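Shown below is the structure under consideration.
Derivation of every value follows stated rules applied to the coordinates shown; laboratory data play no part. All values derive from a computational prediction rather than experimental measurement. Cβ placement follows ideal geometry from the backbone for every residue including glycine, while neighbour counts extend to all protein chains displayed.
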Amino acid sequence: VDVIEEQVVGPYATAILSATNATALADWLNANGYIFPEDGEEIVNEYIEKEWYFVATKINAMDEDTGYAMAEGDIEPIVLSFASEEIVYPLRITSLSATKSQVLLYVLTDHIMVPDQYPLHIGYGNWEDNAFTIEFGNNVSVEDLPEYYEILPELVSTYLPGDEFYLTKLRGTVTADQMVDIEMVSYAEGDSLDSLAETNANSGDIVVLATIVGPVCGLYLWRRNRRKVSGAN
């Protein structure tokens with residue numbers, strides 16, 4: 001296990017790691033206070049073989065001012081930003097700690113993007129397990145973004161050029177046995193939903209925000225080959 005960086009970010013203690021052995025990674029996490037399930041090594045090994053990085057997180061529950069453990073309070077979301085040649089959201093690792101999770105994806109690029117591995121529905125409220133629904137898809141400007149998600153304007157202004165984008169909002173509820181890494185592909189108006197698997201992605205400049213509702217493992221990861229971290233807050 002190679003410990004690339006350790007730091008405290010808001011209420012979180014974090015460690016950026018790479019590994020060549022799943023057992024060694026699990027031993028390091030458990031020895032350093034990051035709870036890792038015994039049956040998770042097979043899934044983690046898949047990411048190791050792809051040479052992904054891992055970000056381990058745990059809540060730093062001690063209040064530095066009082067010296068007492070925090071009993072209540074709001075937890076801020078974690079932002080991970082990195083350069084990537086593909087649009088992939090690593091959902092499979094969530095199966096280690098959740099039997100079912102709701103996933104919200106906000107994708108900003110120059111065209112509509114949809115998940116390749118799951119059935120797709122159109123329209124708010126048209127939901128079912130192990131499928132995704134496009135709840136919103138339209139052109140937006142940076143000044144419009146607070147209407148949809150208050151953190152978007154700062155993120156978009158920081159990481160994307162210009163002020164006009166296509167925003168795709170996708171919602172899915174996925175059970176643990178159906179969790180796979182989500183590969184996003186482009187979807188053109190007039191395409192049949194069955195044609196999505198044959199559509200090649202053309203990512204361009206993009207921001208993807210992902211929210212998982214439900215218990216999740218505090219272990220995040222991204223591709224290692226030719227990837228450069230541009231920031232983590």
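Run the quick spin-label model on PHE136 and GLU86: label points 7 Å from Cα toward the beta carbon, then report their separation in nm to one decimal.
So the two model labels end up 2.9 nm from each other.
Compute the signed sum of charges (Lys and Arg +1, Asp and Glu -1) over the other residues within less than 11 Å, Cβ to Cβ, of ILE134.
Values: positive: LYS169, ARG171; negative: GLU135.
Charge balance near ILE134 sits at +1.
Moving on to the next point. I'd like to know how the stretch 141-183 sits against the 2.2 N^0.38 Å rule of thumb: what's its Cα Rg over that expected value? Can you show the working numbers first?
Values: Rg = 14.2 Å, N = 43, 2.2 N^0.38 = 9.2 Å.
Rg over 2.2 N^0.38 Å, computed on Cα atoms: 1.54.
Express the relative contact order of the stretch 80-172 as a whole percentage, based on alpha carbon pairs under 8 Å and six or more residues apart in sequence.
Numbers: 121 pairs, mean separation 33.1, N = 93.
Reported relative contact order: 36 percent.
To continue, here is another question. Highest first, please rank the peptides 52-59, 26-33 by the mean number of other Cβ atoms sitting within 10 Å of their residues.
Values: 52-59: 19.8, 26-33: 15.2.
The peptides rank, most packed first, as 52-59, 26-33.
Suppose each label sits 7 Å from its Cα in the direction of the beta carbon; what would the GLU143-ILE35 distance come out to in nanometres?
4.8 nm
Let me ask something else about it. Using +1 at the C-beta of Lys and Arg and -1 at the C-beta of Asp and Glu, which of PRO119, ASN139, PRO161 has the Cα lying farthest in the positive direction of the dipole of the stretch 111-163?
Final value for the positive-end residue is PRO119.
Starting from the Cα-Cα distance between THR175 and LEU160, subtract it from 0.36 nm times their residue separation and give me the gain in nm to one decimal.
Numbers: separation 15, 0.36 × 15 = 5.40 nm, distance 3.29 nm.
Fully extending the segment from THR175 to LEU160 adds 2.1 nm.
GluC sites (Glu not before Pro), restricted to the stretch 90-167: which are DSSP loop and have at most 14 other Cβ atoms within 10 Å?
Answer in residue order: GLU128, GLU150.
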